[in-house]
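Dropping the structure in here first, questions after.
Nothing in this text is a laboratory measurement; each read-out follows from the coordinates by a stated rule. These numbers were taken from a predicted model, which means no experiment stands behind them. FYI the Cβ positions are ideal-geometry reconstructions off the backbone, even for glycines, and counts take in every protein chain you see.
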Amino acid sequence: MQIAFDTVGALRKRAATEPGDVLILTDSAIDELAGQGIAVAGTRTDIARVGIGVAVRQGAPMPDISTPEAFKQTLLSVKSLVYVDPAKGATSGIHFASVLQRLGIADAVKDKTLLWPGGFAAEAVAKGQAELCVHQISEILPVAGVTLVGPLPKDLQKVTTYSAGLAARSAAPDAGRAFLAFLARPAFKAKFAAAGLDYHE
């Protein structure tokens, strides 16, 4: 099995030109691709729900992110922060950029912000390149050397549903459908939850 990883924005573009059997993106992206004939309509299978969280280096004091105002003050007080570059099409990066605008501090934190190209932005915190990371919880938990402080305040949160769908140009559609059924098995629920992929407010 060959697996290609990238941001949702990048994968959406690749799906239009590159061969594949199963596509895993956000629910809205799968619906969009189905409308374009790139994914097979009616095959969307919702497999995970992911919230955005905040991380600090292991052993560091836990900042207050309990309310939008507390989170705002934390962002203003830290020396540096990292999140995934919105220009790369990352779901969490696009949303967090809008949160900074909503809180009215986008310009205030701009010079101390590190925009991560993709992947595990929390690695910057583990390496001491940034004091605080904002990323999807499922992308924070696997990173050694960091601690998940918690999810964003409810009013600022974005929960993303990740879904799979059969690629219209699949060379093995039967195998693709079998894989979709495999991902949707109830037995996977606990594993998804442990990986931060079953977010509930």
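Using 0.36 nm per residue, how much length does the chain from Ser77 to Phe182 gain when fully extended, once their Cα-Cα distance is taken away?
Separation in residues times 0.36 nm, less the Cα-Cα distance, equals 33.2 nm.
In addition: For the chain, state what percent of all Cα-Cα pairs lands in each successive 10 Å bin, counting from 0 Å until the bin that includes the largest distance.
9, 34, 32, 18, 7, 0
Here is a follow-up. Could you pull out every residue, at least 5 positions away or on a different chain, whose amide H is within less than 5 Å of the one on Ile52? Hs are placed 1.01 Å off N in the peptide plane, and Pro or chain starts have none.
Amide H neighbours of Ile52: Ile137, Leu152, Lys158.
For the pair Ala175/Ser28, report the inter-label distance in nm, with labels modelled 7 Å from Cα in the Cβ direction.
According to this spin-label approximation, the distance is 3.3 nm.
With θ set to phi - 60° and the Karplus curve 6.51 cos²θ - 1.76 cosθ + 1.60, what are the ³J(HN,Hα) couplings of segment 129-146 in order, to the nearest whole Hz, using x for Gly and Pro?
Residue by residue, segment 129-146 yields 7, 8, 8, 9, 10, 10, 7, 5, 4, 5, 9, 8, 4, x, 8, 6, x, 10 Hz.
Among rounded, prolate and oblate, which fits segment 1-115 when a ≥ b ≥ c are the square roots of the eigenvalues of its C-alpha gyration tensor, a/c under 1.5 means rounded, and a/b larger than b/c means prolate?
prolate
Going by the alpha-carbon gyration tensor, a ≥ b ≥ c the square roots of its eigenvalues, is segment 52-156 rounded (a/c under 1.5) or, if a/c is not under 1.5, prolate (a/b greater than b/c) versus oblate?
Details: a/c = 1.35, a/b = 1.12, b/c = 1.21.
Rounded shape, in that the Cα axes give a/c under 1.5.
Calculate one ³J(HN,Hα) per residue across segment 110-124 by plugging θ = phi - 60° into the Karplus curve 6.51 cos²θ - 1.76 cosθ + 1.60, and present them in order as whole Hz with x for glycine and proline.
With the stated coefficients, segment 110-124 comes to 4, 6, 10, 9, 9, 8, 7, x, x, x, 8, 5, 5, 4, 5 Hz.
Calculate for the chain the 222 nm mean residue ellipticity that helices alone would give, adding -39,500 (n - 2.57) per DSSP H run of length 4 or more and normalising by residue count, nearest 500 deg cm²/dmol.
Details: 9 runs with 70 residues, N = 201.
Mean residue ellipticity at 222 nm (helix-derived): -9000 deg cm²/dmol.
Subtract the Cα-Cα distance of Gln36 and Ala87 from 0.36 nm times their separation in residues, and report this length gain in nm to one decimal.
16.1 nm
Suppose we keep just the DSSP beta bridges with both residues in the chain; what percent of those would be antiparallel, to 5?
Antiparallel bridges make up about 75 percent of those DSSP assigns within the chain.
Using amide H atoms built in the peptide plane, which far-off residues or other-chain residues are under 5 Å from Thr26 H to H?
Under 5 Å from the amide H of Thr26: Ser163.
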